[in-house]
Every structure is written in structure tokens, then in C-alpha cells.
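The values are calculated or read from the model by the stated rules, or taken from the named source; none is laboratory data. Being a predicted model, the structure only gives us computed values, none of them experimental. Heads up, the Cβs are rebuilt from the backbone with ideal geometry, glycines too, and the neighbour counts pull from every protein chain shown.
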Amino acid sequence: MSVLVISKFQGDVARFRQALADHGGDFAKIAENARTSGGGIHHRFAVGDGFVVVVDEWETAGHFEKFFADPDVQALIASAGAAPGPPEITIAEAITSPDQY
């Protein structure tokens, strides 16, 4: 049983886009660590007016919590324009359905 983790960060979207361009290697390194040793299954970003959404799938909520507590992850989030304070985070059990694609 895996979990979906949806996180919403308020912040500077232009700064976030620039961080992806300027520090893509850092993002890729953290993603690789999440996949190979951290229980990460899927990962995707989306942006809106003044916010960034992260949609992830993890083996367990504990895997995500360990990943998110990593000081390197926290530093990258801060440097990428996230507003101070905690993001909105929703963790839910992933289920299958007949209309899934």
C-alpha cells in the first residue's frame, strides 16, 4: 500500500522556476536519493498564482516524513522561493479504481 502526498507551498513562482533552471542538478540528486533509498515512487511539480504544488507517491508516510525532514531538502525548498512557514500537506492511501490511467 503506497501513499499519495500532495504539498502546497506559498511562494515566489518565478524564483522557483529559476531555481529549477539554475539548480537542476540539486533537484535531480535529491530525487535520485528519494527513489533509490527513500521510498519515493513518483514525483511531479505544478505551479499556480503564488504557489507550488508537489504531487508524490511514496511507499509509506514514514518514508516521506524522513525525506521531508532532511536538512538538504529543507534548504533547497527555502532557496527555491518558498514562503516561511509550513506548507499544506495531505497524505492519503493510494487506491486503485476502474477509471485509473
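Only residues that are under 17 Å from residue 83 (Cα atoms) and surrounded by fewer than 16 Cβ atoms within 10 Å (Cβ to Cβ) were counted in the stretch 46-60, giving 6.
Entry remark, the stretch 31-43: residues being farther than 15 Å from residue 72 by Cβ and either surrounded by 15 or more Cβ atoms within 10 Å (Cβ to Cβ) or among the basic types (Lys, Arg) (or both) number 4 in total.
For the stretch 67-101, a residue qualifies if it is among the charged types (D, E, K, R) and loosely packed, with under 14 Cβ neighbours inside 10 Å, and the qualifying residues are 72, 88, 93, 99. Restricting attention to the stretch 1-40 and to residues that are hydroxyl-bearing (Ser, Thr, Tyr) and over 13 Å from the mean Cα position of the chain (by Cα), the residue that is farthest from residue 67 (Cα to Cα) turns out to be 2. Criterion first (of a type in the set (A, V, I, L, M), surrounded by fewer than 14 Cβ atoms within 10 Å (Cβ to Cβ) and at negative phi) does residue 28 satisfy it? Spelling it out, residue 28 is indeed of a type in the set (A, V, I, L, M), surrounded by fewer than 14 Cβ atoms within 10 Å (Cβ to Cβ) and at negative phi.
Please work out if residue 40 is at pLDDT 95 or above, within 14 Å of residue 11 (Cα to Cα) and of a type outside the set (Lys, Arg). Answer is no for this residue.
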